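Since the structure comes first, as structure tokens, the remarks are kept for the end.
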Number of protein chains: 2
Amino acid sequence: MYTILVYDMNEKRVSKALKICRKYLNWVQNSVFEGEITYAKLEKLKVELGKLMNDDEDSVIIYTMRTDRYTDREIMGLEKGGEETII
Amino acid sequence: MYTILVYDMNEKRVSKALKICRKYLNWVQNSVFEGEITYAKLEKLKVELGKLMNDDEDSVIIYTMRTDRYTDREIMGLEKGGEETII
């Protein structure tokens, strides 16, 4: 299934969250990841993030698509994600 | 059509971007908005954001769905969006 994940983490945990998410999904913007992922792997990702997160400060939204791809993705401005950017 | 919008704006412009996006979509997380929107209104939103944005610093991703709703949205941790939160 196709997944979009957006996180809003406290600065202290953001680099760890980035590392976790990049194991499973492609990084497309500062706090946005997407990609094809199996149900089992998504569960693993959620467990890893759940352990890291402070539920009083952090927030993660996971969208999973019925179809394998959303209709369209449009990027305005800077493309911030990708392998070349180091945080 | 159903739209998810995520922005990553320089601090100087983030409150204006929030104001623009909330005119058209529902606020679901710090930098994430979603909702049903017509093609014409989405174009208006893009024009407004385009005028505000500095393309060297800011980034906006807009997903538009073929189906009227994505399959599933899961929120982990804090729900940061919504009417009650003032920025």
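Values quoted throughout were computed directly from the atomic coordinates according to the rules given, and no laboratory measurement underlies them. Given the structure is predicted, the values throughout are model-derived calculations rather than measurements. FYI the Cβ positions are ideal-geometry reconstructions off the backbone, even for glycines, and counts take in every protein chain you see.
What to note about this one:
- Where rotation carries A onto B, the chain A residue whose Cβ is nearest that axis, in whole Å: A:Val6, 3
- Tensor-based shape of the stretch B:2-56 (alpha-carbon gyration tensor, a/c under 1.5 rounded, otherwise prolate or oblate): oblate
- Cross-link pairs beyond the 19 Å C-alpha cut-off, checked among A:Lys19/A:Lys44; A:Lys19/B:Lys16; A:Lys19/A:Lys46; B:Lys12/B:Lys44: A:Lys19/B:Lys16; B:Lys12/B:Lys44
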